Amino acid sequence: MTRKKVSPGTQKAFLPILDAFLEKHLSLFFSLSILLTAILGFYLFELRISEGGDDSFYIEGAKKFLNKEEWPGWHGPFYPIFLSWIMAIVGFKLFALKFTSYLFLLGSQVFFYHTFRKRIPSTVLVISLLLMSVCAELLYFGSQTYTEAMYLFLQSALFYMVIRHYLETEDHFKLIIKKWWIVVLVGGILFLMSITRNIGIVALGVILFYLLIEKKFYLAGYTLAGFLLFRLPFSLYKKIAWDISSANMGRQLREILLKNTYNRSLGTENFSGMVDRFIDNSEIYLSRLLMVASGLRPPDYSGTSAF
């Protein structure tokens, strides 16, 4: 019995056919991904303080901030401040504090979908959504009082606003004048990212750099103004209410440049050190952590590959 040969044209047509099928049922796959995230996140939900220590620090910082005992200045103040708002409403309920991370994780997936729908092939989008839905490494943060889930949510919201409004709007003067609230919202998200994690300040620099090289000078200026609209009152509040005047971007950048945040005596990185850090981190995150998160390596895999 002879095997029927498949013509090259038929082989090439498979991906477009698959993409068309997924595009037609994209809403269904999105709903499936959200349902999977919700169910698996529920079953992996841990109603206890982890052994890491950072999560208990955030809770303790929230409690001290609520009682006006101490400013939560370690790493980033916004997450403990946010937790203090939850405490003010429902009291010290560990489930309520952790449940916010669960909601942030779901929210980030919603933004991810709406950001890249019709901008990337549906096949890539569906595979990405399903991987996010079943990734234990990601779902873990849905029940932890860590900053990861909140930061992922803010980052996803930023991508949505920038890609769907900044990049898809040709008339940026009309955006600034008639939809000024979008620019203010982008500035607000950038501000929240900068006070959630120190590295978040870099997002402002990246967006401004992009707008400048695209010669969108007015939009860059208004975006910076939108950021300062929130940053300056925040700094003033810290000065008046807490007598803290070090809430500046320069301090955050110095924190990022430290060789070891926990041992400042080691000093800061030079240019070659930053290049080495970039290469080493890329190797760790791309060849190990991304592979583990994608399920292509076992959870205890510790190797790396420069390739």
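In region 64-73, is there at least one residue being touching a residue at least 40 places away in the same chain (Cβ under 8 Å) and either in a helix (DSSP H, G or I) or open to solvent by less than 60 Å² (accessible area, probe 1.4 Å) (or both)?
Within region 64-73, the first condition is being touching a residue at least 40 places away in the same chain (Cβ under 8 Å), and the residues that meet it are 71, 73.
Filter once more, keeping what is either in a helix (DSSP H, G or I) or open to solvent by less than 60 Å² (accessible area, probe 1.4 Å) (or both): 71, 73.
Within region 64-73, one or more residues are touching a residue at least 40 places away in the same chain (Cβ under 8 Å) and either in a helix (DSSP H, G or I) or open to solvent by less than 60 Å² (accessible area, probe 1.4 Å) (or both).
Taking the criterion of being open to solvent by less than 30 Å² (accessible area, probe 1.4 Å), closer than 21 Å to E137 by Cβ and not in a loop (DSSP other than H, G, I, E, B), the residues of region 44-63 that qualify are D55, Y58. The number of residues in region 183-206 being buried (at least 19 other Cβ atoms within 10 Å of the Cβ) and over 23 Å from P80 (Cβ atoms) comes to 2.
Among the residues of region 27-37, is there at least one that is closer than 29 Å to Q144 by Cα, open to solvent by 60 Å² or more (accessible area, probe 1.4 Å), in a loop (DSSP other than H, G, I, E, B) and not aliphatic (A, V, I, L, M)? Within region 27-37, none of the residues are closer than 29 Å to Q144 by Cα, open to solvent by 60 Å² or more (accessible area, probe 1.4 Å), in a loop (DSSP other than H, G, I, E, B) and not aliphatic (A, V, I, L, M). Within region 76-121, the set of residues being at pLDDT below 95 and either within 19 Å of A241 (Cα to Cα) or buried (at least 18 other Cβ atoms within 10 Å of the Cβ) (or both) comprises G76, P77.
Sub-6 Å Cβ pairs linking a first residue in region 83-109 that is more than 10 Å from S143 (Cβ to Cβ) to a second residue that is open to solvent by 30 Å² or more (accessible area, probe 1.4 Å) and of a type in the set (D, E), at least 6 apart or interchain, number zero. Determine, yes or no, whether S143 is of a type in the set (S, T, N, Q) and farther than 20 Å from H114 by Cα. Considered against the rule, which asks whether it is of a type in the set (S, T, N, Q) and farther than 20 Å from H114 by Cα, S143 comes out as yes. On the basis of being at negative phi and crowded, with 20+ Cβ neighbours inside 10 Å, does L129 make the cut? Spelling it out, L129 is indeed at negative phi and crowded, with 20+ Cβ neighbours inside 10 Å. Looking only at region 43-63, filter to residues that are of a type in the set (F, W, Y) and either in contact (Cβ under 8 Å) with a residue 24 or more places away in the chain or in contact with a strand residue (DSSP E or B) (Cβ under 7 Å, 6 or more places away or on another chain) (or both); which one of those is nearest to M150 (Cα to Cα)? Of everything passing the filter in region 43-63, Y58 is nearest to M150 (Cα to Cα).
Annotation: V124 fulfils all but one of (1) touching a residue at least 40 places away in the same chain (Cβ under 8 Å); (2) open to solvent by 30 Å² or more (accessible area, probe 1.4 Å); the unmet one is (1). With the structure loaded, tell me whether A247 is closer than 30 Å to W71 by Cα, open to solvent by less than 90 Å² (accessible area, probe 1.4 Å), at pLDDT below 85 and small (G, A, S) or whether it fails that test. Yes, satisfied.
With respect to F227, is the statement that it is in a helix (DSSP H, G or I), at pLDDT 95 or above and open to solvent by less than 30 Å² (accessible area, probe 1.4 Å) true? The answer is yes for F227. Annotation for region 287-296: at least one member residue is part of a loop (DSSP other than H, G, I, E, B), at pLDDT below 85 and open to solvent by 70 Å² or more (accessible area, probe 1.4 Å).
So which of E269, E255 ends up being more than 23 Å from the chain's Cα centre (by Cα) and either modelled with pLDDT under 85 or not polar (S, T, N, Q) (or both)?
On the way: E255 fails: more than 23 Å from the chain's Cα centre (by Cα).
Checking each option against the conditions leaves just E269.
Only one of F209, F217, F173 is modelled with pLDDT of 95 or more, more than 28 Å from Y58 (Cα to Cα) and open to solvent by 80 Å² or more (accessible area, probe 1.4 Å); which?
Details: F217 fails: modelled with pLDDT of 95 or more; F173 fails: modelled with pLDDT of 95 or more.
One residue alone meets the criteria, F209.
The values are calculated or read from the model by the stated rules, or taken from the named source; none is laboratory data. Only a predicted model underlies this, so the values are computations on that prediction, with no experimental measurement involved. Heads up, the Cβs are rebuilt from the backbone with ideal geometry, glycines too, and the neighbour counts pull from every protein chain shown. All accessible areas refer to the heavy atoms of the entire protein, side chains included, with ligands and DNA or RNA removed. Shrake-Rupley method; radii C 1.70, N 1.55, O 1.52, S 1.80 Å.
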